[in-house]
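Undergrad: Pasting a structure below so you can have a look.
Taken together, the values in this text are just the output of simple stated rules run on the coordinates, not laboratory data. Source: prediction; values computed, not measured. Here the Cβ positions follow ideal geometry from the backbone for every residue, glycine too, while neighbour counts run over all protein chains shown.
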Amino acid sequence: EAQVTQNPRYLITVTGKKLTVTCSQNMNHEYMSWYRQDPGLGLRQIYYSMNVEVTDKGDVPEGYKVSRKEKRNFPLILESPSPNQTSLYFCASRRTAAEKLFFGSGTQLSVL
Amino acid sequence: GDSVTQMEGPVTLSEEAFLTINCTYTATGYPSLFWYVQYPGEGLQLLLKATKADDKGSNKGFEATYRKETTSFHLEKGSVQVSDSAVYFCALSFSGTYKYIFGTGTRLKVLA
């Protein structure tokens, strides 16, 4: 089954404690991206990757890092989380530009 | 810059009522347009799309027509069901780029 898998689904942490949210897709998609969803703001893109070792900033990259060492994986790293990064995070992938996005189920992050 | 504007929610309807969710866009060029739906606790999934002016996308009783003259892509359904309760996102994307722009989402609640 074609899918994007994110882990964990829920995460509560404290300010400054490094964390990683994993994302994996099994569709051999070149393009992957991370979004955060906040009430009244919709989805905002954090980072995206067009292929292995190729990443670029989205609209709200501050405080986040990503890596793309393999085609299927695209982890999101928060080196020093802060409360304003409390949000619902989604990983997504697609085959080519302007095609539909496949989304993971989301990670609800709370930073205390 | 490019943007998508959706009507604010929440929209509350009785079962079998007619649904319209407005979406307008601003874009330099000719984007593809999408409607995504997010059911509670899940990631977004594609509902329908249209790739050029006057195209009509349809799926599960929902329809939207790409109107270039009014830069709109309004979502409609003739008779909503309780199971249609979800958040609906309008989005645009350009072929040849990796940019995807989402609206802020419109929450729909359908009462039995």
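Undergrad: Cut-off under 26 Å on the C-alpha distance; same-chain residues fewer than 8 positions from residue A:65 excluded. Which lysines are left, in chain and number order?
TA: Leaving aside lysines fewer than 8 places away in the same chain, those within reach of residue A:65 are A:17, A:18, A:57, A:100, B:99.
Undergrad: Enumerate the aspartates and glutamates that residue A:69 could reach by cross-link, defined here as Cα to Cα under 17 Å, with residues fewer than 8 away along the same chain left out.
TA: Partners found: A:30, A:53, A:56.
Undergrad: For chain A, give me the percentage of DSSP beta bridges that are antiparallel, rounded to the nearest 5 percent.
TA: Antiparallel bridges: around 90 percent, rounded to the nearest 5.
Undergrad: Do any trypsin sites (Lys or Arg not before Pro) in the range A:1-38 lie in a loop, going by DSSP, with at most 13 other beta-carbon atoms within 10 Å of their beta carbon, and if so which?
TA: A:9, A:17, A:18
Undergrad: Mind checking which aspartates and glutamates have their Cα closer than 20 Å to the Cα of residue B:60? Skip sequence neighbours fewer than 8 apart in that chain.
TA: A:99, B:15, B:16, B:42, B:76, B:84
Undergrad: Moving to a separate point now. Please turn the phi angles of the range B:2-8 into ³J(HN,Hα) values with the Karplus equation 6.51 cos²θ - 1.76 cosθ + 1.60 (θ = phi - 60°), one per residue in order, whole Hz, x for glycine and proline.
TA: 5, 7, 10, 10, 10, 5, 6
Undergrad: Here's another thing I want to ask about it. Spelling out what I want: for every residue of the range A:31-41, take phi, set θ = phi - 60°, compute 6.51 cos²θ - 1.76 cosθ + 1.60 (Karplus), and round to whole Hz; glycine and proline get x.
TA: Each residue's phi maps through the Karplus curve to give 9, 9, 8, 10, 10, 10, 10, 10, x, x, 10 Hz.
Undergrad: Return the single residue from A:48, A:35, A:64 with maximal mean-square fluctuation; model: Gaussian network over chain A, springs between Cα atoms under 10 Å.
TA: A:64
Undergrad: Based on Cβ point charges of +1 for Lys and Arg and -1 for Asp and Glu, what charge dipole magnitude is obtained for the range B:1-93 about its Cα centre, in debye rounded to the nearest 20?
TA: Value, rounded to 20: 280 debye.
Undergrad: Another question about this same structure. Which whole-number percent is the relative contact order of chain B (Cα, under 8 Å, 6+ apart)?
TA: Once divided by the residue count of chain B, the mean separation gives 36 percent.
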